[in-house]
1. What is the number of the single condition among (1) within 18 Å of Trp18 (Cα to Cα); (2) in contact with a His (Cβ under 6 Å, 6 or more places away or on another chain); (3) surrounded by fewer than 17 Cβ atoms within 10 Å (Cβ to Cβ) that Ser114 does not meet?
2. Restricting the first residue to region 111-124 and requiring it to be more than 17 Å from Ala76 (Cα to Cα), which pairs with a second residue that is polar (S, T, N, Q) and surrounded by 19 or more Cβ atoms within 10 Å (Cβ to Cβ) meet a Cβ separation below 7 Å and a spacing of at least six or different chains?
3. Taking the criterion of being surrounded by 13 or more Cβ atoms within 10 Å (Cβ to Cβ), modelled with pLDDT of 80 or more and farther than 24 Å from Phe136 by Cα, would at least one residue in region 7-23 satisfy it?
4. Could you pull out the residue among Leu30, Leu48 that is in contact with a helix residue (DSSP H, G or I) (Cβ under 8 Å, 6 or more places away or on another chain), farther than 27 Å from Gly126 by Cα and surrounded by 15 or more Cβ atoms within 10 Å (Cβ to Cβ)?
5. Has region 44-56 got at least one residue that is part of a helix (DSSP H, G or I), at pLDDT 80 or above and in contact with a Ser or Thr (Cβ under 9 Å, 6 or more places away or on another chain)?
6. Counting only residues that are of a type in the set (Ser, Thr, Tyr) and over 17 Å from Phe109 (Cβ atoms), which one in region 33-45 is surrounded by the fewest Cβ atoms within 10 Å (Cβ to Cβ)?
Amino acid sequence: MGVLQQINKWSATHHPRWLVALRIVLGVSLFIKGISFMRDSSVLESLLNKSHFIHYSPWIALIITWLHLLGGFLVALGLLTRFAVLIQIPILIGAVIFVNQPFSNNGEFIFSLSVLVLLIFFFFEGGGPISADHYFAQKYHDM
C-alpha cells in the first residue's frame, strides 16, 4: 500500500464532521479573497510592489487572483482538494514571508498565516467523507 493510500485510509477513519465545515469556510474565504483582488486589483498590486519581488509584473496579480478563485471553489467543494491546496500553498507562503508585515495592525498577516496553516493541514487530511473527492472515489470503487 502506497503512502498516499495510507494517508487516505487514515483520513477516512479520523475525519470529524466539523472539519468539513472548516474546509468549506477555508475555500469560501479563498474565493472571497480572489473576488476582492478582482474587484480592486490595486490592493494586490500595492502589496506586491511593497514586497521583495524585484521584477513585479502585472500578470502575477492576475495569476494570484484566478488561482484564489479556482482553488477556493475546488477546496469548498472538496474536488481535487489536495491538488487545489498544493497550488495555494506557495501563494500563501509568499504572502506570509514577503508581502505581509508580522507586526502591522491590519490583521492581514494573521489571516494569511492561519490560511497557510489550514492549507497545510488539508493537504494531509484531504477532502474528507463529505466531499466530491470521496463521492467520485466511492463511485469509481463501486464500478
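1. Result: Ser114 passes all but (2).
2. Short answer, once both residue conditions are applied: Ser112/Asn100.
3. No; the residues of region 7-23 include none that is surrounded by 13 or more Cβ atoms within 10 Å (Cβ to Cβ), modelled with pLDDT of 80 or more and farther than 24 Å from Phe136 by Cα.
4. Testing whether each residue is in contact with a helix residue (DSSP H, G or I) (Cβ under 8 Å, 6 or more places away or on another chain), farther than 27 Å from Gly126 by Cα and surrounded by 15 or more Cβ atoms within 10 Å (Cβ to Cβ) leaves just Leu48.
5. yes
6. Across region 33-45, the extreme among qualifying residues is Ser42.
The values are calculated or read from the model by the stated rules, or taken from the named source; none is laboratory data. None of these values were measured; they are calculated from a predicted model. Backbone-built Cβ (ideal geometry, glycine too); neighbour counts: all protein chains shown.
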